[in-house]
Amino acid sequence: SYPEEYDPALKRWNLQTLPFIPEEFKYEVIPSVAKQFQIVSGILNREDVDTIYVCTDSGREGEYIYRLVEQEAHVEGKKRRRVWIDSQTEEEILRGIREAKDLSEYDNLGASAYLRAKEDYLMGINFSRALTLKYGPALSNYLGTRFTVLSVGRVMTCVLGMVVRREREI
């Protein structure tokens, strides 16, 4: 959730409220996917479903996506099996289902996924606000715009750096 969900006063960007580091992270379903989330949540919580086969991408991000959906759907009392596959062939999918392990065996991967997401969130929220407050007015003046927001993020910053380096080479 955005900082203003923790405290409405944080909606206004201010250097005195940085860094923003919540003691407990809040999550919410994005409105544009709420309908799909309700469908998935309904299936995960059906009484006739006793075992969930987790078939998200094999890796940290896939693990995070499932666990976040499960958390927000308040799924309880279900067996959860992790299907870990490296390709989408029928043979590999059937092998993955046959050899699925209890989801708890992937708890460390899930914990590392949450940690990465929190790191990305904190970096993006804090650095975007700090750099926008510090350099946004000068950039707006230069560009002739009313406001300029500088977005910072772990992935986008690296990609932007590669683009700038390549542009300088050219």
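The values are calculated or read from the model by the stated rules, or taken from the named source; none is laboratory data. Predicted, not measured: the structure shown is a model, and the values here were computed from it. Every residue, glycine as well, gets a Cβ built from its backbone with ideal geometry; the counts of neighbours run over all protein chains shown.
Can you name the residue in the range 21-59 that is modelled with pLDDT under 95 and among the small types (G, A, S) and, of all such residues, is surrounded by the fewest Cβ atoms within 10 Å (Cβ to Cβ)?
Only one residue fits best here, namely G59.
Across the range 68-89, what is the number of residues that are under 21 Å from the mean Cα position of the chain (by Cα) and exposed (fewer than 15 other Cβ atoms within 10 Å of the Cβ)?
Number satisfying all stated conditions: 3.
Could you figure out which of (1) within 30 Å of L150 (Cα to Cα); (2) touching a residue at least 40 places away in the same chain (Cβ under 8 Å); (3) of a type outside the set (S, T, Y) isn't true of L103?
(1)
Being over 25 Å from D48 (Cα atoms), surrounded by 14 or more Cβ atoms within 10 Å (Cβ to Cβ) and of a type in the set (V, I, T) is true for just one of I170, I125, I93, I65. Which residue is that?
Only one candidate qualifies: I125.
From G77, G96, which residue is of a type outside the set (A, V, I, L, M) and assigned to a loop (DSSP other than H, G, I, E, B)?
Only one candidate passes the filter, namely G77.
Taking the range 2-39 on its own, how many of its residues are of a type in the set (A, V, I, L, M), in a loop (DSSP other than H, G, I, E, B) and over 18 Å from the mean Cα position of the chain (by Cα)?
Total satisfying the criteria: 1.
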